[in-house]
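Participant: Provided herewith is a single structure, encoded as structure tokens, for subsequent inquiry.
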Amino acid sequence: MNKAVIGGETAAVRLARGAALGEVLDIADPSGSAWISLDEGVRASAWYRPAPLPDALALELPEESWLALALCHPDGRIRERALAGVAEHPALLPLLVVRAADWAGPVRERARQLLGEALAGEVSARTVASLAPLVLRVARRERGNFGLGLLDAALRRAPRELLLPLRTHPDRLLRRFAFRAAVEGGLLSPGELARHAARDDDAVVQALCADAALAAASTGSGRGGWDDVLEPLLGARNPRARSAGVTALRRAGRSERAVEFLADRSAVVRACARYVVRRHGTDPLPWYRERCADPADPAMPPGAAVGLAECGQRADADLLWPLLAHPAPGVRARAVAGLRILDVSDTERLLPLLDDPASGVVREAATSLLPFSGALPADRLMGFLDIGHPRHVRVAAFRLLYARGGVVGLRAAVALLEDPDDTLRMWAGQSVQHWHPTAGRRPGDPEVGELLDRAGHLFSGDALKRRMGEAGLPSRRQTPPVGPGG
């Protein structure tokens, strides 16, 4: 039984003992999960199974507590009778949403009728905000999409002052509903839509608001002009909004500004910038080559190096190799990524980057070297596993060593079993447990036996015996390591 059901069962027992609804349930829970837990907890509790729920007077319960239990009762007839009391207890409206997806037809139809009446006409922002997350959760059920229509209708006819607070609601699905209604109702200016596209962390809201803002600006409808729309989009942190703004520069007659984004940190923004620049009649490749010509330029944007590779030729690698020594870590990392895009590699020149002080550079170097892991010097990589090296160096070296498989991969994994980093140590342990001898190798390698012995605490006796057998080695009786007092 999961924690939510256990929590709901505990709440049900407390309600049955006379506790008020607000004492045992987080009525203001923005996700609505507390009501679903109560519904599941009441049905899961054996306390209610022997007999129908007694009436409120017999148990001396507050009417609201009794109704909450009755609305979740396993007996559908009790649930149906309890629905009539919700009108006098608005705090129980969330259970009306739950019952609108009930598996019993009479309960479901009556609950839907009452829910439709509750959401008809003028409803407060607080009511919509409190019910909407639960409506969206219940909508995932087989019969739960009824509430979506009611919620959509309520938001579409809602006044501006009701919708606007929902723009910052923690539930992203509710924010999507609110923004769709606001866009269709013309409640937000193009500038406001652009600012929301730039600030919201949900990709759907970003796209919805950016598209609506640009559509309004291009047709001249709404308040404000291109300046109100473009500046928030071009300055957005999320690449979706920035790319929309860059693409719109052409429609706004400001294609020359796209050059500013040719070295953007996002690949999609760089691609949009190149599209606009080309449509303006300019080839972006010379711009990239010029920016990458001086390998010591401290003002070089990192995106210029990878941008050159994205639209350049293999010969442009001659401009990227010197950038591996650039003082800015971002430039070094993007240069490595650019060489990989151009399908140009030199393991001797990339291998020293595994000891770079910047983790991003090491990560890119390891990714580029991974296809050649079998040809890399194992002893040198094993040296990078030493505790004297930073964690990102040890991680990269282990990636490359374990990719080789065989005794080299096992040797690297066993070497990290005592690493001080918990995550790296766990990764090494799992790698040892998943290790199998490489096909085609001569069985009976004594080093494999020694390594498996050192890692014997990770296996059961039978599992270790099987692994030894796979390697062509006799099984050995394990002697547990001696503890501090042994």
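The values are calculated or read from the model by the stated rules, or taken from the named source; none is laboratory data. Please read these numbers as outputs of a predicted model, since none were measured by experiment. In this analysis, Cβ positions are derived from the backbone assuming ideal geometry, glycine residues included, and neighbour counts consider all displayed protein chains.
Participant: Scan segment 121-130 and give yes if some residue there is closer than 21 Å to Ala34 by Cα, among the charged types (D, E, K, R), modelled with pLDDT of 90 or more and part of a helix (DSSP H, G or I), otherwise no.
Facilitator: no
Results for (1) surrounded by fewer than 21 Cβ atoms within 10 Å (Cβ to Cβ); (2) touching a helix residue (DSSP H, G or I) at 6+ places or on another chain (Cβ under 6 Å); (3) more than 20 Å from Val362 (Cα to Cα), shown as yes or no for each residue.
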position: Met382; (1), (2), (3): yes, no, no
position: Arg391; (1), (2), (3): yes, no, no
position: Tyr402; (1), (2), (3): no, yes, no
position: Gly406; (1), (2), (3): yes, no, yes
position: Ala413; (1), (2), (3): no, yes, no
position: Leu417; (1), (2), (3): yes, yes, yes
position: Asp422; (1), (2), (3): yes, no, yes
position: Arg425; (1), (2), (3): yes, no, no
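Participant: Separate question: For segment 224-294, give me every one of the helices (runs of 4 or more DSSP H) that falls completely inside it and has 1 or more residues that are over 23 Å from Leu308 (Cβ atoms), small (Gly, Ala, Ser) and touching a Leu at 6+ places or on another chain (Cβ under 6 Å).
Facilitator: 239-251
Participant: Let me ask you something else. Condition first: of a type outside the set (Gly, Ala, Ser) and modelled with pLDDT of 85 or more. Now tell me which residues in segment 199-226 satisfy that.
Facilitator: Hits for segment 199-226 are Arg199, Asp200, Asp201, Asp202, Val204, Val205, Gln206, Leu208, Cys209, Asp211, Leu214, Trp226.
Participant: Now, a different point. I'd like the full set of residues that are in a loop (DSSP other than H, G, I, E, B) and crowded, with 21+ Cβ neighbours inside 10 Å, limited to segment 427-436.
Facilitator: Answer for segment 427-436, where residues must be in a loop (DSSP other than H, G, I, E, B) and crowded, with 21+ Cβ neighbours inside 10 Å: just Trp435.
Participant: Report whether or not Ala304 is at pLDDT 95 or above and over 30 Å from Met426 (Cα atoms).
Facilitator: yes
Participant: If you scan segment 93-124, which residues turn out to be aliphatic (A, V, I, L, M) and either over 38 Å from the mean Cα position of the chain (by Cα) or farther than 25 Å from Glu161 by Cα (or both)?
Facilitator: Leu95, Leu96, Val98, Ala100, Ala101, Ala104, Val107, Ala111, Leu114
Participant: For segment 102-121, what are the residues that are buried (at least 21 other Cβ atoms within 10 Å of the Cβ), touching an Asp or Glu at 6+ places or on another chain (Cβ under 8 Å) and under 14 Å from Gly147 (Cβ atoms)?
Facilitator: If the condition is that a residue be buried (at least 21 other Cβ atoms within 10 Å of the Cβ), touching an Asp or Glu at 6+ places or on another chain (Cβ under 8 Å) and under 14 Å from Gly147 (Cβ atoms), then Ala111 is the only one that fits.
Participant: Moving on to the next point. Any residue that is assigned to a helix (DSSP H, G or I), surrounded by fewer than 16 Cβ atoms within 10 Å (Cβ to Cβ) and not hydroxyl-bearing (Ser, Thr, Tyr) - is there at least one of those in segment 354-365?
Facilitator: no
Participant: Something else about it: Mind telling me which of the residues Leu320, Leu351, Leu308 ends up being within 26 Å of Ala412 (Cβ to Cβ) and not assigned by TED's automatic domain parsing to the domain that holds Val408?
Facilitator: Leu351
Participant: Moving on to the next point. In this structure, does Leu119 turn out to be in contact with a helix residue (DSSP H, G or I) (Cβ under 6 Å, 6 or more places away or on another chain) and more than 25 Å from Leu15 (Cα to Cα)?
Facilitator: yes
Participant: In addition: Got a sec? Which helices (runs of 4 or more DSSP H) wholly within segment 1-69 have at least 1 residues that are at pLDDT 80 or above?
Facilitator: Where helices (runs of 4 or more DSSP H) fall fully within segment 1-69 and carry at least 1 residues being at pLDDT 80 or above, they are 3-16, 21-24, 33-44.
Participant: Mind listing just one residue for me: the one in segment 209-261 that is among the basic types (Lys, Arg) and under 22 Å from Thr168 (Cβ atoms) and, of those, surrounded by the most Cβ atoms within 10 Å (Cβ to Cβ)?
Facilitator: The qualifying residue surrounded by the most Cβ atoms within 10 Å (Cβ to Cβ) is Arg242.
Participant: OK, next. Any idea how many residues of segment 437-446 are surrounded by 12 or more Cβ atoms within 10 Å (Cβ to Cβ) and not β-branched (Val, Ile, Thr)?
Facilitator: Residues in segment 437-446 being surrounded by 12 or more Cβ atoms within 10 Å (Cβ to Cβ) and not β-branched (Val, Ile, Thr): 3 in total.
Participant: Kindly provide the set of residues from segment 74-93 that are surrounded by 19 or more Cβ atoms within 10 Å (Cβ to Cβ) and under 14 Å from Val42 (Cβ atoms), ordered by number.
Facilitator: Arg79, Ala82, Leu92
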